[in-house]
Amino acid sequence: MRYPEEFIGPMREELTRLGVIETRTPQAVNEILKPGNGTVMMVINSMCGCAAGRARPGIARALKHSVLPDKVATVFAGADMEATALVRDYLKDYPPSSPSVAIFRDGKPVFMLHRHQIENREAHEIAQSLTEAFDEYCVRQTK
């Protein structure tokens, strides 16, 4: 059963208002993760408390960094079922985890931040992990 949109809408908006692209369908996932798109940060969003209090605020902080992925996208676990399943297929070498954040380079995962690396850390620590990954894997400079 999918989460009701009236419950998760505000949780989606926490990311979309930052410019994060929603990929609610398998077609949208394939389009954003296809080779040639450079670096893509994919957020597997979730209803849980660690997504609300840690992951999404950490992502918001990280997106203020001077080096960013070429694109940032999201699926919502428990709502975008088929899209989330496809993202997890792209991440087949990693155990399923939500919330989580992956960075892809030309369609291949190069970095993964799992739920267990989120749930006991503060937002600024999550942001630091992400910005370190941006510095290592991404090249797009912001102003």
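What follows is calculated from the coordinates using simple rules that are stated; it is not laboratory data. Every value quoted in this text rests on a predicted model; they were computed, and no experiment measured them. Quick reminder, even Gly has a Cβ in these numbers, built from the backbone with ideal geometry, and neighbours come from all protein chains shown.
Observations on the model:
- Between TYR94 and VAL67, the FRET efficiency estimated from the beta carbon spacing at R0 = 25 angstrom works out to 0.60.
- Under 5 Å between amide hydrogens, built in the peptide plane, is the criterion, and for ALA79 it picks out TYR3 among residues at least 5 positions away or on other chains.
- Global form of the stretch 5-135, assessed from the alpha-carbon gyration tensor, a/c cut-off 1.5: rounded
- In the chain, helices alone account for a calculated mean residue ellipticity at 222 nm of -11000 deg cm²/dmol, with every DSSP H run of four or more residues adding -39,500 (n - 2.57).
- Alpha-carbon centroids, the stretch 81-143 and the stretch 1-44: separation in whole Å: 13 Å
- Rounded FRET efficiency, nearest 0.05, which uses the C-beta distance separating ARG2 from GLN128 and R0 of 30 Å: 0.35
- Length-normalised contact order of the stretch 5-135 in % [C-alpha pairs under 8 Å, at least 6 apart]: 35 percent
- Antiparallel content of DSSP bridges confined to the stretch 5-135, in %, to 5: 60 percent
- The aspartates and glutamates whose alpha-carbon is closer than 18 Å to the alpha-carbon of LYS71, local same-chain residues fewer than 8 away aside, are GLU13, GLU14, GLU22, GLU31, ASP106, GLU132, ASP135, GLU136.
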